[in-house]
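A short write-up of the structure that comes next.
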C-alpha cells in the first residue's frame with residue numbers, strides 16, 4: 001500500500017514537468033530579430049514573440065502562448081496560431097482553408113516535429129512538421145534565416161493523402177503576427193527615366209493584397225511571364241534578313257515601289273518584283289505607297305506585332 005501511495009505521489013509531481021516539456025519552444029532568429037514559436041498543451045503551434053533579439057534565454061520563460069484572446073473576447077486561452085486552418089474556433093481569416101472529400105471544412109494542425117540545420121555560417125533552415133490528427137493532411141513550415149542581412153524567408157508545403165480530391169480555397173505561404181501602433185508600406189514603381197521611385201504610405205485597418213508574380217524567380221524567367229504590354233518590339237539576338245514580298249496576282253509592275261525604296265533594294269526580275277533582304281531596312285515605304293496593295297511584310301515577327309500591338313494597351317506590370 002505504501003509503495004502504491006509513493007508511486008501515485010511521484011506521478012503527481014512528474015505530471016507538471018511532463019506538461020511543461022511538451023510546451024516546446026522553437027527559436028528562429030537573425031542577428032537582430034527573434035521569432036519564437038511554442039507548442040501549447042493542446043498540441044498546436046503558436047507564435048509567442050516576434051521582435052528585437054532577446055538578450056537572455058531566461059526571458060523565454062516569461063513568454064506565454066495564450067497572449068491573445070479569441071476574436072469574440074469570450075475565450076482567453078487562445079493564442080496567435082502559426083498556421084490556423086478553417087473551421088477552428090477563431091473568426092479571423094485562416095492561413096489554410098480546405099474542404100475534405102467528405103464535405104467537412106474543418107482542419108486543425110498539430111505539432112509533430114521540427115529540425116534546424118545550418119546551411120552555412122550565415123544561413124539556417126528550420127523545418128516544422130504539422131499534421132491534422134483526424135484527416136491525412138500535413139503541412140511543413142520552412143523558415144530560412146539570413147543572420148547578417150536580418151531576413152527571414154518563409155514558405156509552406158501542404159500534402160494530403162485523402163483517397164478523393166479535396167478543395168483548397170485559401171493557401172498562405174505563412175502567417176506572422178505583428179503588434180505595433182503604426183505600420184508603413186514602402187513600394188517601388190518606375191517609368192522611363194524615373195526608375196525605382198520609392199513611396200511610403202501608412203497601412204490602415206483592413207486588408208491590402210500584394211499580388212505575387214508566379215513563374216518569376218530570376219531575370220531570365222521574365223520571358224515566361226505573359227502579360228499584356230510585356231512583349232518586346234524587337235526580338236533580341238541575331239535575326240535572318242527579311243524584306244517585304246509581292247503578291248504577283250495584284251502587282252501591275254508599275255515599279256512605283258522601286259522609286260520609293262530609299263536603299264534601292266527593289267528591282268524588277270523575271271519572276272516579278274524582287275526585294276534584296278540584305279539591303280532592306282524594313283521602313284515599309286513600299287508597303288504603304290503601293291497603289292495596288294500588293295506589297296506585304298508577312299513574317300512571324302509582323303504577325304506578333306499585329307497580335308500584340310494592333311491596339312494600344314498599357315502594361316499591367318513594370319519591371
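Worth a mention:
- Residue tally, condition within 20 Å of residue 99 (Cα to Cα) and not in a loop (DSSP other than H, G, I, E, B), over segment 155-183: 10
- Looking across 229, 237, 272, one residue alone is touching a strand residue (DSSP E or B) at 6+ places or on another chain (Cβ under 6 Å), on the phi > 0 side of the Ramachandran plot and either modelled with pLDDT under 90 or surrounded by 10 or more Cβ atoms within 10 Å (Cβ to Cβ) (or both). It is 272.
- When the criteria are applied in full, residue 141 fails the requirement of being part of a loop (DSSP other than H, G, I, E, B) and closer than 22 Å to residue 32 by Cα.
- Verdict on residue 181 being modelled with pLDDT under 90 and either over 21 Å from the mean Cα position of the chain (by Cα) or crowded, with 16+ Cβ neighbours inside 10 Å (or both): yes
- Residue check, residue 289 touching a helix residue (DSSP H, G or I) at 6+ places or on another chain (Cβ under 7 Å) and modelled with pLDDT under 90: yes
- Residue in segment 150-167 that is in contact with a strand residue (DSSP E or B) (Cβ under 8 Å, 6 or more places away or on another chain), without any contact (Cβ under 8 Å) to a residue 24 or more places away in the chain and surrounded by 15 or more Cβ atoms within 10 Å (Cβ to Cβ) present: yes
The values are calculated or read from the model by the stated rules, or taken from the named source; none is laboratory data. Quick caveat, the model's predicted, so the values are computed rather than measured. Methodologically, a virtual Cβ is constructed for each residue, glycine included, from the backbone with ideal geometry; neighbour enumeration extends over all protein chains shown.
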